[in-house]
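Notes follow the structure.
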Amino acid sequence: MTFRHRHLLGIEPLHPVEITTILDLADRYVDLNRGARKHGDALAGLTQVNMFFENSTRTQASFELAGKRLGADVMNMSMQASSIKKGETLIDTAMTLNAMHPDLLVVRHPHSGAVNLLAEKVNCAVLNAGDGRHEHPTQALLDALTIRRAKGRLHRLSIAICGDIAHSRVARSNILLLGKMENRIRLVGPPTLMPAGVADWGVEVFDDMRAGLEGVDVVMMLRLQKERMDGGFIPSEREYYHRYGLDAEKLSCARPDAIVMHPGPMNRGVEIDGTLADDINRSVIQEQVEMGVAVRMAAMDLLARNRAAPPAREVMA
Ligand code: ASP
């Protein structure tokens, strides 16, 4: 089993073989989750703490379910209402946590890099559940598993990632992962929603959606992240939907068997047509949610194994 890390902080430090290791194990957990009895014991006796400094519905629930299915004691700390609001620093929070001896710490934070900082200060395995615009590794892994199961492979595919790339940690982690697995990546969206320096990322960039979708195998839509916008990035939601909202007509430019993805939560009628999102012949959005639990089980299982026998002189980004 090749996975040598103490933490899962991003896709960036992962080797393609390690990505495959996580996905292969996740495939086995999909089978477990589809069975009548959904219990494994890979995390039995371990304590998992979920710390979400930013709102989350599906990711937190997914991590919680993943931990419980593998026998961990799972605790959710509500950081919205916690001492953070009273001025405690992230380092103080880390010290407090250390005293409670958790084994797995799942963290979401609005600031890029905050999860890495926390990982340096605590004694347990840390999983990044999304930090600012930086990374959301388990989302990219669950997307990869969904694609691999739908397409039968995870290489030499043409994949369009569409919409609000600039504010999206999902896009960043996916670009890293899909690039490592040797896929052809297109970014589609208005220039105002493209990150600076995108020309150096080894991707093709399109501001015309029909041209960007031409012949692709996978169409990955992103949420318009209004909470991270501080100015006029789009003329209006109506205009945005007209130019960049995915509907059946624009999707007809992609391959006839192209799949449609969205990480959720969706703005129906803004970045995607609601009927298309629900079309089980094209959309794999529900599968993404299912794969999320399995991927998180796999990631925590692998980290727990490394925790038992820490690799020598491990330095992880
Ligand atoms: N749920 C994903 C995230 O936390 C995508 C989104 O919020 O748009 O980044």
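Within segment 236-267, count every residue that is within 16 Å of the ligand (Cβ to nearest atom) and either over 23 Å from the mean Cα position of the chain (by Cα) or surrounded by 15 or more Cβ atoms within 10 Å (Cβ to Cβ) (or both).
Of segment 236-267, the ones within 16 Å of the ligand (Cβ to nearest atom) are 237, 240, 244-246, 260-267.
Subsequent filtering for residues that are either over 23 Å from the mean Cα position of the chain (by Cα) or surrounded by 15 or more Cβ atoms within 10 Å (Cβ to Cβ) (or both) retains 237, 240, 244-246, 260-264, 266-267.
Of the residues in that region, 12 qualify.
Only residues that are aromatic (Phe, Trp, Tyr) and away from the ligand (no atom under 16 Å from the Cβ) were counted in segment 24-66, giving 1.
Output yes when any residue across segment 260-277 is of a type in the set (Val, Ile, Thr), in a helix (DSSP H, G or I) and either touching a helix residue (DSSP H, G or I) at 6+ places or on another chain (Cβ under 6 Å) or farther than 19 Å from Ala140 by Cβ (or both), and no when none is. Taking every residue of segment 260-277 in turn, at least one turns out to be of a type in the set (Val, Ile, Thr), in a helix (DSSP H, G or I) and either touching a helix residue (DSSP H, G or I) at 6+ places or on another chain (Cβ under 6 Å) or farther than 19 Å from Ala140 by Cβ (or both). Checked against the criteria, Met229 does not count as among the aliphatic types (A, V, I, L, M), under 23 Å from the mean Cα position of the chain (by Cα) and at pLDDT 95 or above. Among the helices (runs of 4 or more DSSP H) confined to segment 89-179, the ones with at least 1 residues that are of a type in the set (Asp, Glu) and away from the ligand (no atom under 16 Å from the Cβ) are located at 90-100, 114-121.
Just the residues that are away from the ligand (no atom under 13 Å from the Cβ) and either within 22 Å of the chain's Cα centre (by Cα) or exposed (fewer than 14 other Cβ atoms within 10 Å of the Cβ) (or both), please, taken from segment 277-289. If you could, list the steps in order and put the result at the bottom.
Quick first cut of segment 277-289, residues away from the ligand (no atom under 13 Å from the Cβ) only: 277-284, 286-287.
Correct list: Ala277, Asp278, Ile280, Asn281, Arg282, Ser283, Val284, Gln286, Glu287.
The set of residues in segment 170-182 being open to solvent by 20 Å² or more (accessible area, probe 1.4 Å) and either touching a strand residue (DSSP E or B) at 6+ places or on another chain (Cβ under 7 Å) or modelled with pLDDT under 95 (or both) consists of Arg172, Gly179.
Considering the conditions (1) loosely packed, with under 15 Cβ neighbours inside 10 Å; (2) away from the ligand (no atom under 16 Å from the Cβ), Thr21 is excluded by exactly one of them, (1).
Is there a residue being among the charged types (D, E, K, R) and under 30 Å from Arg4 (Cβ atoms) anywhere in segment 293-300? Yes, segment 293-300 contains a residue that is among the charged types (D, E, K, R) and under 30 Å from Arg4 (Cβ atoms). Name, by its number, the condition in (1) open to solvent by less than 60 Å² (accessible area, probe 1.4 Å); (2) within 16 Å of the ligand (Cβ to nearest atom) that does not hold for Asp273. Every listed condition holds for Asp273 apart from (2).
The values are calculated or read from the model by the stated rules, or taken from the named source; none is laboratory data. The shown structure was predicted, so the numbers you read here are calculated from the model rather than taken from an experiment. Quick reminder, even Gly has a Cβ in these numbers, built from the backbone with ideal geometry, and neighbours come from all protein chains shown. Surface areas here come from the heavy atoms of the whole protein model, side chains and all, with no ligands, DNA or RNA. Shrake-Rupley method; radii C 1.70, N 1.55, O 1.52, S 1.80 Å.
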